[in-house]
Each structure stands twice: as structure tokens, then as C-alpha cells.
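Reading through the C-alpha cells given below for one structure.
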Amino acid sequence: MPATIVRPSPDDLQTATDLLKSLIQVDTSNPPGNERELIELLAWQCTREGLTPTIAGPDHDRPNLVTRLSANPSHRKARPLILSCHLDTVPADPERWTHPPFSAHEEDGYIWGRGAIDMKGFAAMAFTVLRLIKRSRIPINRDIIFAAVSDEETGTDRGSDWLVNERPDLLGTDPEYVINEVGGFTVHQKGERFYPVQVAEKGICWMKLTVKGKAGHSSLPGGENAVALLADAITKISKARLPWHANKPTRRFLEGFAAPAGKFAQRMVPLLSNSIIGPLILPLAIRDPSRRASVEALLRNTATPTRLSSGPSINVIPGEASVMIDGRLAPGQKSKYLVAEVRRALGDPDRDKYQIEIVKESPAVEFSTDTTLYEHIKDVMKVRDPGCHVVPSIIPGFTDSKNYSRLGATCYGFYPLKLSEEVDFASLFHGDDERIPVDGYHWGIETLLHLLSRFLTG
Ligand SMILES: [Zn+2]
């Protein structure tokens, strides 16, 4: 049967924009999150469209919403596809914003607001696509599940992690595909346009490092002050360059960007994968400092000290002090390898000076590109932006995909957005003045609708 392509009308696009603005206008900065108001707003939208919403979660104020558009049993041929978004955002300091971060102010072709990119934009986009596929009555060949989850930004515990553990039935039990962040946006490089599709993400190994010293009155300094010992440890960890771990997802990502750039760039990629030469030639291969830093993060485990804690009072030398360390694992790496690398950086191979406790861990995830959905993405992008390059990418962070992978799903970050050359996606993601171009957003809705209507009826 030939595929049926559904297209949005101008009214549909305006409705999606209005929904995005309503989502931005509810502050769901995490912590504390408080996503319930938005969950209820989306539940109301579902009901209005004749979709049955299920609200579920371990925390009354921070639940998740799941709804399903079922295929007619006579057409259903495959396992479900999930469209997933998280509704929490990172916090925003209004002092540093040009327009208030929860205003959804529209000006000069942009909608401003925390979450516009990450990822209320996709929530409104995915819901719109679901709604239009339902209204079109096209004969879809699998169920589509829309999941709007809480609590992604601080670790996914109440959101997708809980859903996967406690209510996999809501997620179709064994979904075949998940479409989620972070990918599908235009990256401009040397006159070429690239669209990364996220197919891998680094793992996490969050640690608590504790140093013990001698407690005492702080009017009598000297001795082994745990705070001073901790400061020394933090300096060592921050300055350390942990070992190079070349990996296949990063190599494919670099090959994708090098492909149209000529022989010299193509020859650089295998050299970057070499653990001795790679670190030396990286500054030559990638001149832009911020792009270089993000590629480097993919080729090493990283350990970043963040939150500190010590004694309760200014006039007491505490007996111990600790720091949380946000560790990230390159593909193929395990927490114990990173802990050993951190101990080497600290000069504590015998484990007698520092106590390191792993507080949360999850391995890197990687998904195949050898799938019909990936082929459809490539084909559709040829139509939607002729001459562009679709590149399988890896991110240094994590998304809800790490949890969905446990259900056996192939997860892609594909949130299509057409960005002009002056817009740098990375600076908008979690950045001040987060904003989304309206035209590029509408292009994205049309692209996702094109992709899914084609994929689900082809
Ligand atoms: Zn996100």
C-alpha cells in the first residue's frame, strides 16, 4: 500500500504554537518540578481529542501522562512507537533574560521561554502530530503512544524510570521505537547542513567523595582540616584529563560530519580514535573550542565536582567534608573503571585517603541505525531539506531514552527544527534566552508529521 502523507494546515500550526506557549507559561523548573498542572492541561487536550489519558506516578505533584492511539487490529502489523517528551525544565534566572523566561513572548519570529527547545517544543509538536494523525483517520500499522513525563532533568526517577519499572504496560510493554530529544535540528558547517539523529548517549556514574580529617575549634587552625583536604582533591579532579576511550558511536558521528568535507577531514577520524594520537590532534582537527570540548567529552569518561557539603557551623572544623561528582561514562565503560581513573587522578590507588560512594549509575546506551525507521528519517530529510546530511550522533548527557532502552526499544533523538546559521542549538539548550524560531518549528511539525504518516502507513 502506498504511504499516505498528512500535512498540517496553517490553523493546525497556529494551534501547536498556542499549545507550546501555554506549556512555557507554567513554570516547571526542576527542582521542584511541579509538573502536575501541565499534565492536567495535556490530559484535558487528550480528552478533547477523544484520546484517553492515563495519569500515573509515585508523586502526586509530579505525575506522568500516557495516551495511546491504537491501530485498527486488521492493520496492526508491528510493535508500538512512542513519542516521548519531558515536561520539566532546568531553572531560569529572570535577571539574565531579555524577556521573562515564563512569558512565551513572541518577537522577531521567535518564541522566548524556558523549555521552548528543551523540550516543551517537542511536547506540543508530538501532541499535534498525534492529533493530526488521529483526525486524518489514516490506517496506521502500529499503535502510537504519547508519553509526557516528569523529572527528566534531575535523573528521571519519578518519570520515565518509574514508568519503565512500574507501568511498562502503559508504554506498550515491548515498544519497538521511541522518538525523543536530542537531534533533528540543523547544524551548519562549512556551507553544508547536517541533521544529527541521536542514536547513543553516555552513561552516568554519580559519586560522593568524602574526606575525613580532624574535627576541632576553628579558632585553632592546623592539623588535618577536611575542608582543605577536600579542596585539594577537587583541584586534582578538575585538572585531570582522564584516559581517552575511542568508541564506535563517536567515530560514526565524526565520520558523518567529515563525509562531505573532503579527504583530509575523513583521514582525521581514524586518527582521533587512536588513544595516543587522538588527544594530540584534536585541536588541529576541530578548531572551534566549544565543538572541540563537546567532542572531547565523548571520547573520555568525565568527572565534574559539583555540590559541596561539610560542617554545620563557621566556628567548627568539621570531621569530614564531601563533594558530589557528576561522572559520565563513555560507551563501553563501567562505573568501576571511572572510579579507578578518579583515584589515579587523586593519587590514591590504595583507597586509604578518600571514600568514593557511587550514588547512581547507568551505562551508556547505543541504538542501531540499521532499522526501517532510520531509513525513513533519511528519506524524509532528503525531501524536507534537499542536499542535507543525516548523521547518527551521540550526546554527552542522558535523556529518557536510557530507560526506554530497557524495554528493548530502539530510541532516536529526532525533534526536527530548521535553524538558520546564526542560531547555535547548543547555546539555547539550558541557556539563558532560550527561544525557538516559529518558522523552523512549523517546518519541524510538518517534517515529523510527514515522517510518521509515511512510516506508519508505508
Ligand atoms: Zn531535555
Looking only at segment 227-249, count how many residues are of a type in the set (Gly, Ala, Ser) and closer than 16 Å to GLU341 by Cβ.
-> 4
Spot the failing condition for ASP169; the list is (1) more than 12 Å from the ligand (Cβ to nearest atom); (2) on the phi < 0 side of the Ramachandran plot; (3) in contact with a strand residue (DSSP E or B) (Cβ under 8 Å, 6 or more places away or on another chain), and only one is missed.
-> (3)
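Name the residue, out of ILE325, ILE314, that is surrounded by 15 or more Cβ atoms within 10 Å (Cβ to Cβ) and not charged (D, E, K, R). Break it down into steps so the answer makes sense when it comes.
Details: ILE314 fails: surrounded by 15 or more Cβ atoms within 10 Å (Cβ to Cβ).
Only one candidate qualifies: ILE325.
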Would you call THR235 surrounded by fewer than 17 Cβ atoms within 10 Å (Cβ to Cβ), in contact (Cβ under 8 Å) with a residue 24 or more places away in the chain and outside any strand (DSSP E or B)?
-> no
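For TYR441, indicate whether it is within 15 Å of the ligand (Cβ to nearest atom) and modelled with pLDDT of 95 or more. Before the answer, list the steps.
On the way: within 15 Å of the ligand (Cβ to nearest atom): no; modelled with pLDDT of 95 or more: yes.
For TYR441, the condition - within 15 Å of the ligand (Cβ to nearest atom) and modelled with pLDDT of 95 or more - is not met.
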Residue among ARG96, ARG68 that is of a type in the set (Lys, Arg) and either touching a helix residue (DSSP H, G or I) at 6+ places or on another chain (Cβ under 9 Å) or not assigned by TED's automatic domain parsing to the domain that holds ILE179 (or both) | ARG68
Hey, could you check segment 132-162 for residues that are part of a helix (DSSP H, G or I) and away from the ligand (no atom under 16 Å from the Cβ) and say which is nearest to SER401 (Cα to Cα)?
-> TRP162
Restrict the check to segment 203-225 and report whether at least one residue is within 30 Å of SER313 (Cβ to Cβ), in the same structural domain as ASN403 (by TED's automatic domain parsing), polar (S, T, N, Q) and at pLDDT below 95.
-> no
Qualifying positions in segment 90-105 - of a type in the set (A, V, I, L, M, F, W, C) and either within 16 Å of the ligand (Cβ to nearest atom) or free of Cβ contacts under 8 Å to residues at least 24 places away in the same chain (or both) | VAL90, ALA92
Strands (runs of 3 or more DSSP E) fully within segment 334-445 counting 1 or more residues that are outside the structural domain of SER150 (by TED's automatic domain parsing) and not charged (D, E, K, R) | 354-362
Under the condition of being within 15 Å of the ligand (Cβ to nearest atom), assigned to a loop (DSSP other than H, G, I, E, B) and not hydrophobic (A, V, I, L, M, F, W, C), which residue from segment 177-219 is nearest to GLY155 (Cα to Cα)?
-> LYS202
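Being part of a loop (DSSP other than H, G, I, E, B) and either in contact with a strand residue (DSSP E or B) (Cβ under 7 Å, 6 or more places away or on another chain) or surrounded by 15 or more Cβ atoms within 10 Å (Cβ to Cβ) (or both) is the filter here; which residues of segment 220-232 pass it? Show your work before the answer.
Residues of segment 220-232 part of a loop (DSSP other than H, G, I, E, B): 220-225.
Across segment 220-232, the qualifying residues are GLY223, ASN225.
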List the pairs whose first member sits in segment 67-89 and is within 16 Å of the ligand (Cβ to nearest atom), whose second member is of a type in the set (Gly, Ala, Ser) and assigned to a loop (DSSP other than H, G, I, E, B), and whose Cβ atoms are under 6 Å apart, counting only residues at least 6 apart or on separate chains?
-> ASP88/GLY33; ASP88/SER150; THR89/GLY115
Total residues in segment 23-61, condition closer than 20 Å to PRO168 by Cα, surrounded by fewer than 18 Cβ atoms within 10 Å (Cβ to Cβ) and without any contact (Cβ under 8 Å) to a residue 40 or more places away in the chain | 3
Write out, first by first residue and then by second, each pair whose Cβ atoms fall under 8 Å of each other, whose residues are 6+ apart or on separate chains, and whose first residue, in segment 128-156, is under 17 Å from HIS450 (Cβ atoms) while the second is more than 16 Å from the ligand (Cβ to nearest atom) and among the aromatic types (Phe, Trp, Tyr).
-> LEU130/PHE146
Can you confirm whether segment 314-336 contains a residue that is out of contact with any strand residue (DSSP E or B) (no Cβ under 9 Å at 6 or more places or on another chain) and without any contact (Cβ under 8 Å) to a residue 40 or more places away in the chain?
-> no
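Among the residues in segment 242-255, are any of a type in the set (A, V, I, L, M), in a loop (DSSP other than H, G, I, E, B) and surrounded by 15 or more Cβ atoms within 10 Å (Cβ to Cβ)? Give the steps one after another, and end with the answer.
Here is the first cut: in segment 242-255, the ones of a type in the set (A, V, I, L, M) are 242, 246, 254.
From what's left, in a loop (DSSP other than H, G, I, E, B): 242, 246.
Right, trim to surrounded by 15 or more Cβ atoms within 10 Å (Cβ to Cβ) and you get 242, 246.
Yes, that holds for at least one residue.
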Report yes if some residue within segment 10-22 is more than 16 Å from the ligand (Cβ to nearest atom), surrounded by 15 or more Cβ atoms within 10 Å (Cβ to Cβ) and β-branched (Val, Ile, Thr); otherwise report no.
-> yes
Going through segment 321-333 one residue at a time, which ones are in a loop (DSSP other than H, G, I, E, B) and not small (Gly, Ala, Ser)?
-> PRO331, GLN333
Looking at segment 106-131, which of the residues that are closer than 16 Å to ILE445 by Cα and of a type in the set (D, E, K, R) is nearest to the ligand (Cβ to nearest atom)?
-> ASP118
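The values are calculated or read from the model by the stated rules, or taken from the named source; none is laboratory data. Every value quoted in this text rests on a predicted model; they were computed, and no experiment measured them. Here the Cβ is made from the backbone with ideal geometry for all residues, glycine too, and neighbour counts use every protein chain on show.
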